[in-house]
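Undergrad: My structure is below; once you've seen it, I'll send some questions.
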Amino acid sequence: MTKQPAIRARHLDVSLHGNTVLHDLTFDVPAGAVVGLMGPSGCGKTTLMRSIVGVQRMASGELTVLGQRPGSAALQHDVGYVTQAVSVYRELTVSQNASYFAALQGHSRASADRAIAAVGLADLAGRRVDRLSGGQASRASLACALIGAPALLVLDEPTVGLDPVTREEIWSHLQSVAARGATLLVSSHVMDEAARCDSVLLLRDGRLLAHLSPAQLLDRTAASSYDEAFLRLIRSGEMP
Ligand SMILES: Nc1ncnc2c1ncn2[C@@H]1O[C@H](COP(=O)(O)OP(=O)(O)OP(=O)(O)O)[C@@H](O)[C@H]1O
């Protein structure tokens with residue numbers, strides 16, 4: 001039996017203040033996959049993520065998340081979302097933040113501790129977020145989204161502005177979350193991060209250019225790097 005996709009979009013249009021910013025998007029994110037969401041600044045990545053987590057109204061088309069309407073009460077504990085900005089309380093410690101988010105969702109202190117350990121912050125659990133580095137603070141946000149082991153994690157540029165070593169660490173945490181069976185949708189500007197994903201959704205000007213595996217991306221564009229592959233796709237504007 002084929003599992004239902006974690007995210008299913010059909011002819012999805014989304015408008016912001018009268019401007020259509022997502023046009024006719026049709027794609028599936030398979031359950032258990034790590035899917036990258038990539039495209040130039042302003043192409044609509046954040047808007048698509050906000051639609052998926054149910055904080056952005058769609059104009060037309062269909063969008064289902066774990067078989068439900070985005071943002072429905074049934075999904076409350078099943079979807080984790082990490083925005084671009086660090087979304088934890090800076091004046092609280094990592095542990096206080098995680099315990100607070102756990103309590104809000106009716107989860108135990110132990111689940112908060114597990115989430116902190118899962119992002120490698122156990123040693124810094126007692127430190128205030130405003131006394132952490134940027135990468136550590138990003139991991140603190142990620143820990144809060146991991147509490148309760150949501151089935152779908154939507155992460156808006158979790159590695160933006162981070163050095164390659166910290167990016168590697170974050171990806172290794174994400175990969176261990178995926179290994180547990182969660183579905184991950186992760187946006188990024190760094191095309192090399194396509195290699196970390198099972199497949200990549202490429203957006204340009206609010207339209208889906210392609211949904212390919214990393215190997216297909218290189219093959220079909222005859223490019224030697226993900227940057228080059230992406231530029232070729234963007235410039236051709238055509239499905240490979
Ligand atoms: N409040 C708004 N009203 C009208 N248009 C908006 C509004 N907010 C964003 N937009 C436009 O919607 C488009 C998509 O924006 P979005 O933030 O989703 O892009 P993005 O791909 O996430 O960009 P970035 O990579 O820079 O974060 C952009 O062209 C932006 O100018």
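Only the coordinates and a few stated rules stand behind these numbers; no lab work does. In this text, all values refer to a predicted model and were calculated from it rather than measured experimentally. Because the Cβ atoms are built from the backbone with ideal geometry, glycine has one as well, and the counts that use them run over all protein chains shown.
Undergrad: So what are the ³J(HN,Hα) numbers for the range 121-126, from phi and the Karplus equation (6.51, -1.76, 1.60; θ = phi - 60°), rounded to whole Hz, Gly and Pro as x?
TA: Once θ is set to phi - 60°, the couplings for the range 121-126 become 10, 4, 5, 10, 4, x Hz.
Undergrad: Another question about this same structure. In the range 113-239, what percentage of the DSSP-assigned beta bridges are antiparallel, given to the nearest 5?
TA: Of the beta bridges lying entirely in the range 113-239, close to 55 percent run antiparallel.
Undergrad: Mind listing the long-range amide H neighbours of residue 15? Cut-off is under 5 Å, sequence gap 5 or more, other chains count too, H placed in the peptide plane at 1.01 Å from N.
TA: 21, 59
Undergrad: For residue 37, list long-range residues whose amide hydrogen, built 1.01 Å from N in the peptide plane, is under 5 Å from its own amide hydrogen.
TA: HN-HN under 5 Å from residue 37: 186, 187, 188, 201.
Undergrad: Determine the gain in length on full extension of the stretch residue 57-residue 11; use 0.36 nm per residue of separation and subtract their C-alpha separation, reporting nm with one decimal.
TA: 15.1 nm
Undergrad: Quote to one decimal, in nm, the extra length available between residue 192 and residue 222 on full extension: 0.36 nm per residue of separation minus the C-alpha distance between them.
TA: So the chain would gain 9.2 nm between residue 192 and residue 222.
Undergrad: Right, something else. With labels modelled as points extended 7 Å from the Cα through the Cβ direction, what inter-label distance (nm, one decimal) is found for residue 180 paired with residue 74?
TA: Placing both labels 7 Å beyond Cα along the Cβ direction yields 2.4 nm.
Undergrad: In Å and whole numbers, how far do the C-alpha atoms of the chain stretch along each principal axis, longest first?
TA: Per principal axis, max minus min of the Cα coordinates gives 51, 42, 39 Å.
Undergrad: On to the next question. Just to check I understand the Karplus step: with θ = phi - 60° and J = 6.51 cos²θ - 1.76 cosθ + 1.60, what whole-Hz values come out for the range 21-28, glycine and proline as x?
TA: Running phi through 6.51 cos²θ - 1.76 cosθ + 1.60 with θ = phi - 60° gives 10, 10, 10, 6, 7, 10, 6, 10 Hz.
Undergrad: Give me a comma-separated list of calculated 3J(HN,Hα) values for the range 49-66, in order, Karplus coefficients 6.51, -1.76, 1.60 applied at θ = phi - 60°, integers in Hz, x for any Gly or Pro.
TA: Values, residue by residue: 4, 5, 5, 5, 8, x, 9, 10, 6, 8, 8, 7, x, 10, 8, 10, 10, 6 Hz.
Undergrad: Please report 131, 167, 196 as a ranked list, fewest other C-beta atoms within 10 angstrom at the top and most at the bottom.
TA: Ranked by crowding around the Cβ, least crowded first: 131, 167, 196.
Undergrad: What three numbers, in Å, describe the spread of the alpha carbons of the range 146-212 along their principal axes, ordered from the longest?
TA: 34, 28, 17
Undergrad: Please give the Cα centre distance for the range 53-81 versus the range 82-102, rounded to the nearest Å.
TA: Between the Cα centre of the range 53-81 and that of the range 82-102, the gap is 23 Å.
Undergrad: Starting from the Cα of residue 24, step 7 Å along the direction of its Cβ; do the same at residue 3; then give the gap between the two resulting points in nm.
TA: For residue 24 paired with residue 3, the spin-label model returns 3.2 nm.
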